[in-house]
Amino acid sequence: MATLSWEVLRAIFKRPFQAREWIQQCWFFASVTILPTALVAIPFGAVIALQLGSLTAQIGAQSFTGAASALAIVQQASPLITALLVAGAGGSAVCADIGARKIREEIDAMEVLGVNPVQRLIVPRVLAAMVVSVLLNGLVSVVGVLGGYFFNVVLQGGTPGAYLASFNALAQVPDLWISEIKALLYGFVAGVVAAFRGLNPPPGPKGVGDAVNQAVVITFLLLFLINVVLTAIYLRIVPPKAM
């Protein structure tokens, strides 16, 4: 998998670039993930806002509910939601497509003809997953923060001014940057893992189905591991904003 990742990074800068295939894959990823991502972001933001609102009320810090919930959504929830849906919806389809081509020996035929399958098939799909992940991350951030705002103000009796003021007091631009970096890296991992399992399906009639299941599980495990590492590095490098 590490070797395939390096080959993909090298092939990105080689010519010819499969622009048409990349656009088609971007449209495919977006079409299968936009609506589920938005629908998942609303209850996720609501749960975070309700839980943090209840916790801050117990310790007498209701004015910080907006900052805590918004930062949790932007830094942690948005990239993970985006990556899970990109891997689950788009990555599984990519794995199934590549796996079917491998079973039908199309990949071997391309290699015999001198066509690099990594450059022709995998690079456009990985780049599409990365681009769509970054764009969807912004959508999830907006929808999640609005959902948290609605549930905190309407259901818990919070004040709109305190919610927005606390968010402005504690949030900073690097919070958005680390969120987008996470989404970009998550999209790359999801695309590479899906392509790797598609290129190496288990033997037998149900090999492609097993490869799809393995790709989704492996991607989820890697995403949570990468999230822990990136969050630890970010908290070490970027100091918290002073009140």
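Each row is one residue, and each column tells you yes or no for (1) exposed (fewer than 15 other Cβ atoms within 10 Å of the Cβ); (2) within 18 Å of Glu21 (Cβ to Cβ).
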residue	(1), (2)
Val118	no, yes
Val132	no, yes
Val145	no, no
Gly148	no, no
Thr159	yes, no
Phe167	no, no
Ala215	no, no
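Out of the residues in the stretch 61-70 that are modelled with pLDDT of 70 or more and either crowded, with 24+ Cβ neighbours inside 10 Å or hydroxyl-bearing (Ser, Thr, Tyr) (or both), which is farthest from Val142 (Cα to Cα)? Even if it seems obvious, please write down each step before you answer.
Residues of the stretch 61-70 that are modelled with pLDDT of 70 or more, as a first pass: 68-70.
Cutting the leftovers down to either crowded, with 24+ Cβ neighbours inside 10 Å or hydroxyl-bearing (Ser, Thr, Tyr) (or both) gives us 69-70.
Values: Ser69: 12, Ala70: 10 Å.
Selected residue: Ser69.
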Check your understanding: Looking at (1) open to solvent by less than 30 Å² (accessible area, probe 1.4 Å); (2) closer than 24 Å to Gly187 by Cα; (3) touching a Gly at 6+ places or on another chain (Cβ under 8 Å), which is the only condition Ala96 fails?
Key -> (1)
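Is it the case that the stretch 222-243 has a residue that's at pLDDT 80 or above, open to solvent by 40 Å² or more (accessible area, probe 1.4 Å) and farther than 16 Å from Pro79 by Cβ?
The answer is yes, given that some residue of the stretch 222-243 is at pLDDT 80 or above, open to solvent by 40 Å² or more (accessible area, probe 1.4 Å) and farther than 16 Å from Pro79 by Cβ.
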Exercise for review: Scan the stretch 1-54 for residues that are assigned to a helix (DSSP H, G or I), open to solvent by 40 Å² or more (accessible area, probe 1.4 Å), more than 29 Å from Leu146 (Cα to Cα) and among the aliphatic types (A, V, I, L, M) and jot them down.
Suggested key: Ala2, Leu9, Ala19, Ile23
Exercise for review: Output the residue which, of all residues in the stretch 77-114 that are among the acidic types (Asp, Glu) and in a helix (DSSP H, G or I), is farthest from Gly204 (Cα to Cα).
Suggested key: Glu111
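Would you be able to say whether some residue in the stretch 99-115 is buried (at least 24 other Cβ atoms within 10 Å of the Cβ) and touching a residue at least 40 places away in the same chain (Cβ under 8 Å)?
yes
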Point to revise | Among the candidates Val131, Val142, Val208, residue that is within 24 Å of the chain's Cα centre (by Cα), modelled with pLDDT under 85, closer than 30 Å to Arg236 by Cβ and assigned to a helix (DSSP H, G or I) | key: Val142
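The values are calculated or read from the model by the stated rules, or taken from the named source; none is laboratory data. Here the structure is a predicted model, which means the values were calculated and not measured. When we count neighbours, we look across all protein chains shown, and the Cβ atoms used for this are built from the backbone with ideal geometry, even at glycine. Only protein heavy atoms, including side chains, enter the accessible area calculation; ligands, DNA and RNA are left aside. Shrake-Rupley method; radii C 1.70, N 1.55, O 1.52, S 1.80 Å.
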